[in-house]
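Input: a single structure, listed below in structure tokens.
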Amino acid sequence: FGRRLNARSIVEDDGRIFYNKKYPDEEPKMAVAVLVDESGSMGGDDRATNARLASIVMYDFCTSLGIPLAMYGHTEDGYGKPTVEIYNYTEFDSIDKKDRFRVMDISARSNNRDGAAVRFVAERLEKRPEKVKILIIISDGQPAACGYGGTAAEADLRGIKKEYKNKGVTIFAAAIGNDKPNIERIYKEGFLDITDINKLPMFLTKLVVNYLKKI
């Protein structure tokens, strides 16, 4: 990855022929947030594993280009009084260099009350100073939590997507399961059909690259 060709590396066989150099006066023009659905169904077909892989690739990709990145996971405990749990794997402007290790904790857990989690992350992203703000959701299905599902939950998510679009946050949903029609119905033009889950990392980095070309 990179924006400049490193001629000295062409003779090497590791494929690393590009580099990126950030000058002191170059301020980031884009901020990216990734929100991973950690519902129980993510345990099937290596979905959680692929979500971890995609998150690590996104981390390496964005940090190499100096793009501020935050990554979260979410679930709902589903016991007693429903509680949305947010897992903060990486944070904007992180300085401890241990983010890639925390990302390895992405797992299949319980229910998914998407609305609260999407709003939480979108709100943090909306406060960023960058001109372009992208929120990427990795999910295998529509909302399914205690008292939160069906058409009401879908309407809630559509409202959140529209609200934050007006605030400058563009939301995409990468569908990696069998529930793609429902996810497409919710996110419409923000729907990303990941037919081959093994290509998820490449698909997400390409999405960021396409936005980089516009700014």
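The values are calculated or read from the model by the stated rules, or taken from the named source; none is laboratory data. Source: prediction; values computed, not measured. Here the Cβ is made from the backbone with ideal geometry for all residues, glycine too, and neighbour counts use every protein chain on show. The accessibility values were calculated without ligands, DNA or RNA, using every heavy atom of the protein model including side chains. Shrake-Rupley method; radii C 1.70, N 1.55, O 1.52, S 1.80 Å.
Among the listed pairs Lys162/Lys214; Lys131/Lys161; Lys165/Lys206; Lys29/Lys180; Lys98/Lys167; Lys162/Lys206, which are separated by more than 26 Å between their Cα atoms? Cα-Cα > 26 Å for Lys29/Lys180; Lys98/Lys167; rest within. Is any residue of region 162-196 close enough, with backbone N under 14 Å, to a label point placed 7 angstrom from the Cα of Tyr211 along the Cα-Cβ axis, and if so, which? Counting only backbone N, you get 164-174, 190-192. Computed over protein heavy atoms with a 1.4 Å probe, the accessible surface of region 130-202 works out to 46 Å² per residue.
Ignoring ligands, DNA and RNA, what accessible area per residue does region 38-94 give at 1.4 Å, in Å²? Don't jump to the answer; show the numbers that get you there.
Details: 2210 Å² over 57 residues.
Here the residues of region 38-94 average 39 Å² of exposed surface.
Using the Cβ of Ala153 as centre and a radius below 9 Å, the other residues enclosed give a net charge of -2, where K and R count +1 and D and E count -1.
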